[in-house]
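Presented below is the structure to which this report refers.
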Amino acid sequence: MRDKALRIVLPAAAIAAVLLLWQWAASFYTEDQFPGPRQVALAIIELVRGGRLWTDIRISLLRLGTAYSMAVVTAIPTGLFLGRCQVCRRAIGPIVQLLRPISPIAWFPLAVLWFGIGNAPAIFIIFIAAFFPVLLATISAVLSIPESYFKVSRNFGAKPVQVFISIIIPAAFPGIMTGLHIALGTAWIHLVAGEMLGADSGLGFLIIDARNFLRTDLIMAGMILVGVLGLILNSIITLVEQLINRQWGRTGAPA
Amino acid sequence: MGPDRRPGIMPSLHGHHDTMNNRRIPKIALRDAEKTFRSASGQPQTALSRGNLDVNEGEFVCLVGPSGCGKSTVINLMAGFEQPTGGSVTIDGKPVTEPDPDHIMLFQDYGLFPWKSALDNVLFGLKCRGVKDREAKQKALAALDTVGLGTHAHRHPHELSGGMRQRVSLARALAVEPSVLFMDEPFAALDAFTKLRLQDELLELRSKRDLTVVFVTHDLDEAIYLGDRVVLMAPDPGRFVNIMKIELDSPRSRTDERFEQYRKELYEAFDLVHRQSARIGSSMVGKEVLEGGSGI
């Protein structure tokens, strides 16, 4: 009981403190430079009433969905394959390690050059942002499959296809899920970045557009909306992950 | 596929194969079997040196010894997970080159698939054997019944206790009707009471089925209680040092006076091995310093 109450009271108190701090900090600036919580709340209401917000959210989620699915569909099979093929891992490893530290944003000039302004550069950037976490998580998930699973399979005379479908994929699944979780977060971060740079719609564009009109209240409203949507996406995937872990007999952290 | 089993053949008929001991043809035979490998630091190590051992059909043989004595190597060689670097390992007269569904290994960590229910785990083995769905399910349920888990068929491993998990793993093995069970410290992770109960169940099972069992353990009491013979191993290099034939009445009793006698003998032999290996261990340290870590 007391624990549960604390779980609600503590975050609520923290949010209240942040709002107060915000209000206090904003008092040193003009409204146009640094709007307070009240102005930003009004700006959010303005966005919601205006109707454009829903189109922007829909477009952003669509881009995220497209790029994320593309990354998942390519990264998981590649990861499963690399996880099982040591020679390939050795061959491709350095390339992956070289590409991975390049921020997806750095691809932006090329992306616009290749795909023009619109959906494509944003999708491309999200794809890159989501691809590597899923790939690396899949490889490490395959590598951490207990040796005894393979011994048991060999002992009963399982065929390679059987091993792949009924052992490797399900055994690696919780680990892959961790990658999917991380990738969704990075994808969402880079979606906004991508839309700020090379799009004329979406939540990222909403923020840039507000800047062009010096509407700082709308900029902050956009930022808060991005945060809220990210929180919702994260909650959904956390739930899915927990469900899977329960099914697999793992509780939270990998066993 | 599977080897022909000839439970009806009398030992005396095949006595001439091994005139010295007047035994029947061995089910499993190690002939000067050797296993060397390179350690992480690149030094060659001998996990098993000149291993000679016969396991007869229907026999229950326990391998005991301190860690590093090669008992796991022996069972892995027999089960076909590893290949000898010298000598030969045969089952039913044929060299063991790969794991065989007729010889199933049980592991200390159960080797169960956590995302599959107990039933599906047992079905996995049967499906690998190409048994059709309906028949497979019947066999799987029967096997779970045998180990007393008929009512737990739809539970997942994480919903079962350690003892129950090892029973599922046993059911999975029994379902494909192997002639040999390899058990690599199967009860080592269980609490003392569960362990005793599973030992009794294993003996009972064995009295009903035509099974040859090779059982690795570091528990000397367990080895005496279960084994027809107890093979003591020693490390550096891994080798067989002592084979003790256990002649206790069936069903066995842990309070039998002769049990105490065997226990005493085995502990004495074990102490000897232990002291020797400790001595070798300390002399090796000195040697490594002198020879710059080149080993023995």
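Only residues that are more than 11 Å from chain B (Cβ to nearest Cβ) and either buried (at least 19 other Cβ atoms within 10 Å of the Cβ) or free of Cβ contacts under 8 Å to residues at least 12 places away in the same chain (or both) were counted in the stretch A:125-163, giving 19. When you look at residue B:125, is it assigned to a loop (DSSP other than H, G, I, E, B), of a type in the set (Gly, Ala, Ser) and within 12 Å of chain A (Cβ to nearest Cβ), yes or no? The answer is no for residue B:125.
Apart from one condition, residue A:193 fits all of (1) touching an Asp or Glu at 6+ places or on another chain (Cβ under 7 Å); (2) surrounded by fewer than 22 Cβ atoms within 10 Å (Cβ to Cβ); (3) small (Gly, Ala, Ser); (4) more than 7 Å from chain B (Cβ to nearest Cβ); the exception is (1). The residue that is nearest to residue B:211 (Cα to Cα), counting only those in the stretch B:74-95 that are out of contact with any Pro (no Cβ under 8 Å at 6 or more places or on another chain) and crowded, with 24+ Cβ neighbours inside 10 Å, is B:78. Just one of the numbered conditions (1) closer than 22 Å to residue B:63 by Cβ; (2) crowded, with 22+ Cβ neighbours inside 10 Å; (3) away from chain A (no Cβ under 11 Å) is not true of residue B:190: (2). Looking across the stretch B:80-121, the residues that are away from every other protein chain (no Cβ under 14 Å) and assigned to a loop (DSSP other than H, G, I, E, B) come down to B:84, B:85, B:92, B:93. Looking only at the stretch B:92-104, decide whether some residue is closer than 20 Å to residue B:164 by Cβ and in contact (Cβ under 8 Å) with a residue 60 or more places away in the chain. Yes: the stretch B:92-104 contains one or more residues that are closer than 20 Å to residue B:164 by Cβ and in contact (Cβ under 8 Å) with a residue 60 or more places away in the chain.
The single condition from (1) facing chain A (nearest Cβ under 10 Å); (2) hydroxyl-bearing (Ser, Thr, Tyr); (3) touching a residue at least 60 places away in the same chain (Cβ under 8 Å) that residue B:179 fails is (1).
Residues that are crowded, with 18+ Cβ neighbours inside 10 Å, without any contact (Cβ under 8 Å) to a residue 60 or more places away in the chain and within 11 Å of chain A (Cβ to nearest Cβ) within the stretch B:140-171 comprise B:156, B:157, B:160, B:165, listed in sequence order.
Within the stretch A:233-240, the presence of a residue that is more than 15 Å from the chain's Cα centre (by Cα) and either within 14 Å of chain B (Cβ to nearest Cβ) or among the β-branched types (Val, Ile, Thr) (or both) is excluded.
At least 3 residues being modelled with pLDDT under 95 and under 28 Å from residue B:50 (Cβ atoms) is the threshold, and among the strands (runs of 3 or more DSSP E) wholly inside the stretch B:177-264 those reaching it are B:229-234, B:239-245.
Applying the criterion of being basic (Lys, Arg) and surrounded by fewer than 16 Cβ atoms within 10 Å (Cβ to Cβ) to the residues of the stretch B:198-231, the residue that is farthest from residue B:91 (Cα to Cα) is B:208. For the stretch A:196-210, a tally of residues being at pLDDT below 90 and either part of a helix (DSSP H, G or I) or surrounded by 23 or more Cβ atoms within 10 Å (Cβ to Cβ) (or both) returns 4. Which of (1) surrounded by fewer than 19 Cβ atoms within 10 Å (Cβ to Cβ); (2) in contact with a helix residue (DSSP H, G or I) (Cβ under 8 Å, 6 or more places away or on another chain); (3) within 12 Å of chain A (Cβ to nearest Cβ) does residue B:137 not meet, given it meets every other one? Among (1) surrounded by fewer than 19 Cβ atoms within 10 Å (Cβ to Cβ); (2) in contact with a helix residue (DSSP H, G or I) (Cβ under 8 Å, 6 or more places away or on another chain); (3) within 12 Å of chain A (Cβ to nearest Cβ), the lone unmet condition for residue B:137 is (3).
The criterion of being without any contact (Cβ under 8 Å) to a residue 40 or more places away in the chain, over 25 Å from residue A:235 (Cβ atoms) and within 11 Å of chain B (Cβ to nearest Cβ) does not hold for residue A:87.
The values are calculated or read from the model by the stated rules, or taken from the named source; none is laboratory data. Note that this is a predicted model, so its numbers are computed, not measured. Cβ coordinates were reconstructed from backbone atoms using ideal geometry, including for glycine residues, and neighbour counts include every protein chain displayed.
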